[in-house]
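Since every read-out is calculated from the coordinates, none of them should be taken as a lab result. Because the structure is predicted, anything quoted here is derived from the model rather than measured. As a convention, Cβ positions derive from the backbone with ideal geometry for all residues, glycine included, and neighbour counts pool all protein chains shown.
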Amino acid sequence: MKKIVIFAVALLFCGFVFGQKTQKVVKEELGDHNGSQVSLYTLTNKAGNVLKVTNYGARIVRIEVPDKNGVRDNVTTGGDKLESIVRGDAFGGASIGRFANRIANGKFSLDGVEYSLPINNRPNTLHGGRNGWYSKVWNSEIVKESKQPAVKFSYVSPDMEEGFPGKVTISVTYTWNDKNEIVIDYAATTDKKTVINVTNHAYFNLHGAGKGYIFDHILTLKASKYTPLKATKIPTGEIRPVKDTPFDFTTPHPMGYKIGETYNNVPFQGYDDNYVLDGKEKVCATVYDPESGRTMEVITDQPGMQFYSGMGGAQWRKAVDNGEKPTSTRSAFALETQHFPDSPNQVGFPSTVLNPGEKFKSKTIYRFSVQKK
């Protein structure tokens, strides 16, 4: 009897220990928001690196990866408590839709019918409107058949939600694999002709979230062209080469290498611009932090990428030239894979129309690694 008891305890102990080590996804209930339950999912890969996602906005809230010394830190903005998630940055880490980026004057037409959208970024509609997908509590499930830790979020966007036609059924699946890749799979269908443009709006700092400015990060963007903007942040319709402009990252440069310099007769302030991806190479963008050794690569099947750096100015440039760190820092960047801004109103841009019977599918990968040199 004594041997049986010892054996049973040993089995229980082993099951607990090894169960903890092999646990891929842990679900935690955070509380109620407007009558829906907000959940947090912690995905851990074999190396022990962590991705945290939530069904509020189908968003990423934490990414823990090592630096060149093996020290893990969180490299994205967000929070893992209910209050910080629902009252934090509206877009940060979220799945953005029905239409990511801007639509001019909150209007577009399909088959001769004009649709009006809420203006939430005057004079335009931004990221799907005042109550876009980033503000919804999505359905969620752990993807049990996946060999890697994975969570699937789904949402049914009703016809005319925020002014967009068609009932759209959308799913976003996050997989956190042993290559330290966040694989984001999007799938959507509609019952009526509509437009769709979906992205993830995570903000990154490879030093560690909140740890200093990001203008020293080295960026390479495989995009030889971009879409110039009007003063209203809406594309002019032109697709222009980046050569001889501050927008040229076809070879590696610090994100702030042109900040504060004169461009078009004014000091260049920073980036919130759409790049036309060349599509010739698998990796579309690479960001390297020389201080931590962390590297992030972006892979996508989308035609564009919005690079957001925060804004800087002449004072920032003066501080850097003097070997100082600016007191007013820009502490996060975004690389949003998507179609071009205002595409429904721009005949020369790739179409964002989705028809009944068609399936929208897209994949984006954020891959993290370390350079020790």
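Miscellaneous remarks
- Equivalent ellipsoid semi-axes, the chain, via Cα gyration tensor eigenvalues times 5, rooted, Å: 36, 29, 17
- Each helix, a run of at least 4 DSSP H residues, gives -39500 (n - 2.57); summed and divided by the residues of the chain, these come to -3000 deg cm²/dmol at 222 nm.
- Residue among F215, F349, F340 with the largest mean-square fluctuation in a Gaussian network model of the chain, springs linking Cα atoms under 10 Å: F349
- Degrees, to the nearest 10: 2-22 long Cα axis against longest axis of the chain: 10
- Cβ-placed point charges (K, R +1; D, E -1), dipole of the chain about Cα centre in debye, nearest 20: 900
- For peptides 47-56, 363-372, sequence by mean Cβ density within 10 Å, most packed first: 47-56, 363-372
- The magnitude of the dipole of the range 63-169, with charges of +1 and -1 set on the Cβ of Lys/Arg and Asp/Glu and taken from the Cα centre, is near 60 debye.
- Using a cutoff of 8 angstrom between alpha carbon atoms and counting only pairs six or more residues apart, the relative contact order for the chain works out to 16 percent.
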